[in-house]
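To keep things clear, I will list the structure first and then write my remarks on it.
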There are 2 protein chains.
Amino acid sequence: MVTRTRKCTDKIPEPTLRRLPWYLSNAKLLKEKGEKYVSSTQISKEINIDASQIAKDLSYVNIAGRTRVGYEIELLIEVLEDFLGFTNIHRAYLFGVGSLGAALLQDSGLLHFGLEIVGAFDINPDLVGTSINGIPIYHSDEFEERMKLDRVNIGVLTVPINIAQEITDKMVDGGIKAVWNFTPFRIRVPEHIVVQNTSLYAHLAVMFNRLNETLKK
Amino acid sequence: MVTRTRKCTDKIPEPTLRRLPWYLSNAKLLKEKGEKYVSSTQISKEINIDASQIAKDLSYVNIAGRTRVGYEIELLIEVLEDFLGFTNIHRAYLFGVGSLGAALLQDSGLLHFGLEIVGAFDINPDLVGTSINGIPIYHSDEFEERMKLDRVNIGVLTVPINIAQEITDKMVDGGIKAVWNFTPFRIRVPEHIVVQNTSLYAHLAVMFNRLNETLKK
């Protein structure tokens, strides 16, 4: 018996999207161990999420679970990687080659998950004209010209907070469709522009606070 | 008139903790512009969050707003930085000096927000004994010995997913109290251990999905 429960056209909720990579990494581990099939109950035991939640989450993805045996692992990996966008290469620019920006340029892992940073922008004369990890650094003034050649959709924002909004506006004017915002600044964008906030510092704040609570006990 | 609405002993909700850095960066910008006071209504206009929500969030922090003028900016910055743990240095180890791990060692910005990585662990003989950005890289076997000297509370997890759980268990056994998990693997820990998940890849997945939706339109 094969079950397919949901049309892929539904907008997938963000919590589901955040959990899918957990199922993917779990499936990869099981594949390494030589397993062929996995059920939502098995995944549930491994990662401590309700099996019904897992089945519901996976119903957004175009994969059929088979009664008793579950999902075919190889197929599950393939479908999840594809669904999550990790198999397509998404070209991006990075704005602001400071400490964090330079660090992200160094992280080749992003490419394995579908993000290729094809260029970076800064105004520091020591950086402009050089490259990091093979990625050229251009002067910020060259952005509009480069956009015509490279046609990227994604901008990674790692500038100081005092210019975060200004650079965002320039990115959007130049045709950027999605901003991956690493600054702790809440940027404003037109409605059709995607913003993904990843403030390491906000995560640090949460961690410090929780840690202090446990240390007090 | 001075208003103080909440005891600091209440457990602060995570969404509040995530918003506080936005208010902090906003206050820093206003200070740069020479402003002395800011009201929650002003912050609200800048970052598009309800003024009542901002006032509620700030009630968790030990700061008093004054009727009509609002919060004293310099004090607000000081109190927020202190509250968020950015003024204390929290010592940490990093586990797994791969692409992302090495990138994080390069990011001196973490130190400005209170996280000092004092050592890293790996098993790669090309890395052990070297250092990145002044941070020494030790062999993973040295962890327990080092812990006795360094007494850190935080472990940054940047290992491959197939050893994420094993390394987490070792960290916890060695006395680590909080794990900053950058892997896309859902680690399990005893109840008293803090876990902060920051999967760049999960964030990428969300961004790709939303971007694809807007590009289809």
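The values are calculated or read from the model by the stated rules, or taken from the named source; none is laboratory data. Small disclaimer: the values here were computed from a predicted structure and weren't measured. Positions of Cβ are generated from backbone atoms using ideal geometry, with glycine treated the same way; all protein chains shown enter the neighbour counts. For the accessible areas, the whole protein counts, side chains as well, though only heavy atoms, and no ligand, DNA or RNA atoms are used. Shrake-Rupley method; radii C 1.70, N 1.55, O 1.52, S 1.80 Å.
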Over its alpha-carbon atoms, region B:14-84 yields an Rg and a Dmax in Å of 10.7, 31
Could you work out, residue by residue across A:11-24, how many beta carbons of other chains sit within 10 Å of that residue's beta carbon, and then give the average as an integer? 5
Any chance you could check the Cα centroid distance between region A:49-93 and region B:89-147 for me, in angstrom? 34
Label-to-label distances across copies for A:ASP173, with labels 7 Å out along Cα→Cβ, in nm, shortest first? 5.8
Straight-line reach only, C-alpha to C-alpha below 20 angstrom: list the lysines that B:LYS170 could link to, leaving out same-chain residues fewer than 8 apart. B:LYS148
Does anyone have the angle between helix B:14-32 and the longest principal axis of chain B? Alpha-carbon axes, 0 to 90°, nearest 10? 70
Per the Kirkwood formula on distinct C-alpha pairs, the Rh of the protein assembly as shown is how many angstrom? 23.2
Counting each DSSP H run of 4 or more residues in chain B as -39500 (n - 2.57), what helix-only mean residue ellipticity at 222 nm follows after dividing by all residues, to the nearest 500 deg cm²/dmol? -13000 deg cm²/dmol
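Please compute the net charge surrounding A:ILE123, taking Lys and Arg as +1 and Asp and Glu as -1 over other residues with Cβ under 13 Å from its Cβ.
Working: positive: A:LYS170; negative: A:ASP122, A:ASP126, A:ASP141, A:GLU142, A:GLU166.
Around A:ILE123, the surrounding residues sum to -4.
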Treat each spin label as a single point 7 Å out from the Cα along the C-beta direction, and report the B:SER44 to A:LYS56 distance in nm. 3.4
Taking every DSSP beta bridge that has both residues in region B:69-138, what percent is antiparallel when rounded to the nearest 5? 20
1.4 Å probe accessible area per residue over the protein assembly as shown, in Å²: 48
To check you understand DSSP bridge types, tell me what percent of the beta bridges within the protein assembly as shown (both residues inside) are antiparallel, rounded to 5. 25
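Could you tally the net charge around B:ARG188, taking each other residue with its Cβ under 11 Å from the Cβ of B:ARG188, Lys/Arg +1 and Asp/Glu -1? Numbers along the way, then the final one.
Numbers: positive: A:LYS45, B:ARG186; negative: A:GLU46, B:ASP169, B:GLU191.
Net of charged neighbours comes to -1.
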I'd like the antiparallel share, as a percent to the nearest 5, of DSSP beta bridges with both residues in region A:17-171. 30
In region A:58-92, accessible area falls by at least 40 Å² from chain alone to full assembly (1.4 Å probe) for A:HIS90
Carbon plus sulfur fraction of accessible area for region A:90-202, probe 1.4 Å, in percent: 50
Taking the label point as lying 7 angstrom from Cα along the Cα-to-Cβ axis, what are the distances from B:PRO125 to the corresponding position in the remaining copies, in ascending order and in nanometres? 4.7
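Looking only at other chains, what is the average number of their beta-carbon atoms within 10 angstrom of each beta-carbon in B:98-107?
That average works out to 6.
Can you figure out the FRET efficiency of B:HIS112 with A:GLU191, using R₀ = 30 Å and their beta-carbon distance, to the nearest 0.05? Don't skip to the end; give the middle numbers.
Numbers: r = 33 Å, r/R0 = 1.11.
Taking R0 as 30 Å, the efficiency between B:HIS112 and A:GLU191 is 0.35.
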If you average the sequence gap of Cα pairs under 8 Å that are 6 or more apart and divide by the length of region B:121-217, what percent do you get for the contact order? 19
Debye calc, one equal point scatterer per Cα of region A:90-202, no solvent, log10 I(q)/I(0) at q = 0.09, 0.20, 0.21, 0.22 1/Å comes to -0.19, -1.07, -1.20, -1.34
In degrees between 0 and 90, to the nearest 10, how far off the longest principal axis of chain A does helix A:164-174 point, with axes built from Cα atoms? 80
Pairwise Cα inverse-distance average, inverted: Kirkwood Rh of chain B (Å): 19.7
Can you give the mean number of other chain Cβ atoms that lie within 10 Å of the Cβ atoms in peptide B:168-179? 1
Degrees between helix B:200-216 axis and first principal axis of chain B (Cα, 0 to 90, nearest 10): 60
Going by the rotation axis that takes chain B to chain A, pick out the residue of B with the closest C-beta and quote the gap in whole Å. B:ALA103, 2
